[in-house]
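Colleague: Structure below; questions to follow.
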Amino acid sequence: MITVSSLCISIVLLIMNSEIMIYRGLSGIDTALFFFAAYSIVTKAVKNRDKLWILIGCTLLILPFIKTLYEYLTGNLLSTTSDNFLPLPGVHLAGIVICCIIIIINDSHALMNYTRRKWTEYRRFLKSLVKLFL
């Protein structure tokens, strides 16, 4: 995830803010990793049916959007008060989008593997029924 997000965020930064010459590159990656961690908390809590952790995870999923919106609307950084840094909300949003794409790709592969296993089990069941009646 770190490699993909760093490459994509750099491309987004080049397109959206081409006047920036030096960029640390961590805030978008941090946002992507934070979002992924929050998503992982939610998915595990849903599997365990833990309502408290579902609520905590969903709250954590919303926080990057709030931070990005704050920086976009105010032009100020939420996490630091240095004059050397500019808010780049597009980079944070790119981190979230890239994370979502990775999650969708990962979950679709997991769903396809699950479906393939279930279909194989179903075919075995049908074959056993046919053998039983023939």
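Colleague: Which of the residues belonging to region 56-77 are surrounded by 13 or more Cβ atoms within 10 Å (Cβ to Cβ) and assigned to a loop (DSSP other than H, G, I, E, B)?
Modeller: 77
Colleague: So residue 73 passes all but one of these: (1) more than 25 Å from residue 2 (Cα to Cα); (2) modelled with pLDDT under 85. Which condition number does it fail?
Modeller: (2)
Colleague: Determine which single condition residue 22 fails, assuming it passes every other condition in (1) touching a helix residue (DSSP H, G or I) at 6+ places or on another chain (Cβ under 7 Å); (2) of a type in the set (A, V, I, L, M); (3) free of Cβ contacts under 8 Å to residues at least 12 places away in the same chain.
Modeller: Unmet condition: (1).
Colleague: May I ask you to verify whether residue 13 is closer than 24 Å to residue 78 by Cα, of a type outside the set (Gly, Ala, Ser), part of a helix (DSSP H, G or I) and in contact (Cβ under 8 Å) with a residue 60 or more places away in the chain? Talk me through it step by step, then tell me what you get.
Modeller: Numbers: closer than 24 Å to residue 78 by Cα: yes; of a type outside the set (Gly, Ala, Ser): yes; part of a helix (DSSP H, G or I): yes; in contact (Cβ under 8 Å) with a residue 60 or more places away in the chain: yes.
Criteria met by residue 13.
The values are calculated or read from the model by the stated rules, or taken from the named source; none is laboratory data. Worth saying up front: this structure is predicted, and the values here are computed from it rather than measured. All Cβ positions, even for glycine, are placed from backbone atoms using ideal geometry, and neighbour counts span all protein chains on display.
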